[in-house]
Structures are given as C-alpha cells and as structure tokens.
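Peer 1: Okay, handing you the structure first.
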Amino acid sequence: MKNLTTYLFVIFMAMFWVFRIVVSFCYSLGVNFITVPMDLNFEIILLFLTFVSMILVVKRSTLGGIIYLIGNGLYFGTSLFNIVSSLIAGNAYVNYADFMISFVGIILPILVLFDLLLDKNRKEHPVDKKTDWFYKNKEYDRQYDERADKNQYKF
C-alpha cells in the first residue's frame with residue numbers, strides 16, 4: 001500500500017466491518033441497536049469474506065475488491081433496492097438508518113474496486129520523478145545538427 005487513498009479505504013473497510021460485527025453481536029444478544037441484520041447467517045459469512053478481502057486489498061489484489069463488491073452487493077444491494085422501492089411506492093415508514101448503512105455498504109466496495117483498478121494502471125505506467133524530467137522532456141532531447149550525419153571517418 002503506497003497511496004493515501006488505499007490506506008483510507010482500508011480504514012473505512014475495517015470501521016464498517018467492526019460496526020457490522022457489533023450489529024451482529026447485539027442482535028444475537030437481543031439488544032436493540034441502530035439496525036438489525038437482514039440475515040444473521042449471511043451476515044456472518046459476509047464478515048469472514050470482508051476480512052479476507054481486506055487482506056487482499058492490502059496486498060493490492062483486484063480479486064479482493066471484486067470479492068468485496070460481490071459480497072456486499074448481494075447483501076446490501078437487496079436491502080437498498082427494497083428501501084428505494086418502498087420510498088418510491090410512498091410507504092410512510094422507512095428506516096433511514098438502514099438506508100444509510102446499505103448505501104455505505106454499496107458505495108464503499110465500488111470505491112475500493114475503482115482505487116484498485118486505478119492502481120493497476122499506475123503500476124503498468126509508472127511515473128518516476130527522478131528521471132522523467134529528463135527522458136520525457138522535449139527540451140532535453142538531443143539536438144542533431146547537419147554535421148552529425150556527415151562525420152564519416154575514412155581510413
């Protein structure tokens with residue numbers, strides 16, 4: 001991990017992961033918290049997948065971002081779709097905390113995957129500030145004059 005964005009995304013992933021652990025733990029104890037899991041078994045599977053994907057994202061693997069996006073998309077995407085559908089239908093009761101949590105659960109994996117894909121582009125086309133000023137600058141290209149082609153020495 002070399003970029004600040006990668007550090008921030010991994011920190012946000014970890015914070016959201018800890019939040020989901022607290023939600024699952026409180027739900028299993030029967031304590032009322034901000035929200036409840038939609039499916040506790042799938043939530044626990046998602047927590048383990050998130051941990052594995054965090055490790056892969058730290059190692060800069062695109063597979064980690066894809067696993068994170070698919071897992072969260074399956075879990076939070078259905079919740080977000082149901083909430084948006086009920087908002088459009090005009091239901092009076094919508095839990096906005098669930099809406100925000102589902103929204104973060106969808107947006108965060110998309111941003112992580114975009115960060116990983118942009119980093120792959122940086123790895124394929126690196127920028128080295130120590131040498132690019134010389135090799136990629138037209139002012140420092142070698143200028144040949146008309147004598148350069150005529151220097152043929154005969155013995």
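Peer 1: Name the residues in the range 1-47 that are among the hydroxyl-bearing types (Ser, Thr, Tyr) and assigned to a helix (DSSP H, G or I), would you?
Peer 2: Residues satisfying the conditions are Thr5, Thr6, Tyr7, Ser24, Tyr27, Ser28.
Peer 1: Here is a check on your reading of the model: is Thr50 open to solvent by less than 60 Å² (accessible area, probe 1.4 Å), within 26 Å of Leu8 (Cβ to Cβ) and not in a helix (DSSP H, G or I)?
Peer 2: Spelling it out, it is not the case that Thr50 is open to solvent by less than 60 Å² (accessible area, probe 1.4 Å), within 26 Å of Leu8 (Cβ to Cβ) and not in a helix (DSSP H, G or I).
Peer 1: Take Gly105 and decide whether it is touching a residue at least 60 places away in the same chain (Cβ under 8 Å), small (Gly, Ala, Ser) and either open to solvent by 70 Å² or more (accessible area, probe 1.4 Å) or within 17 Å of Phe19 (Cβ to Cβ) (or both).
Peer 2: yes
Peer 1: Something else now. For the range 1-44, give me the residue count where each residue is in contact (Cβ under 8 Å) with a residue 12 or more places away in the chain and among the β-branched types (Val, Ile, Thr).
Peer 2: Of the residues in that region, 9 qualify.
Peer 1: Filter the range 1-35 for residues that are more than 23 Å from Ser61 (Cα to Cα) and open to solvent by less than 40 Å² (accessible area, probe 1.4 Å); which is farthest from the chain's Cα centre (by Cα)?
Peer 2: Cys26
Peer 1: While we're here: Do you know which residues across the range 53-85 are open to solvent by less than 40 Å² (accessible area, probe 1.4 Å), touching a residue at least 40 places away in the same chain (Cβ under 8 Å) and of a type in the set (A, V, I, L, M)?
Peer 2: Met54, Val57
The values are calculated or read from the model by the stated rules, or taken from the named source; none is laboratory data. Everything numeric in this text was worked out from a predicted model, so none of it was measured. When we count neighbours, we look across all protein chains shown, and the Cβ atoms used for this are built from the backbone with ideal geometry, even at glycine. Heads up: the accessible areas ignore ligands, DNA and RNA and are worked out on the full protein's heavy atoms, side chains in. Shrake-Rupley method; radii C 1.70, N 1.55, O 1.52, S 1.80 Å.
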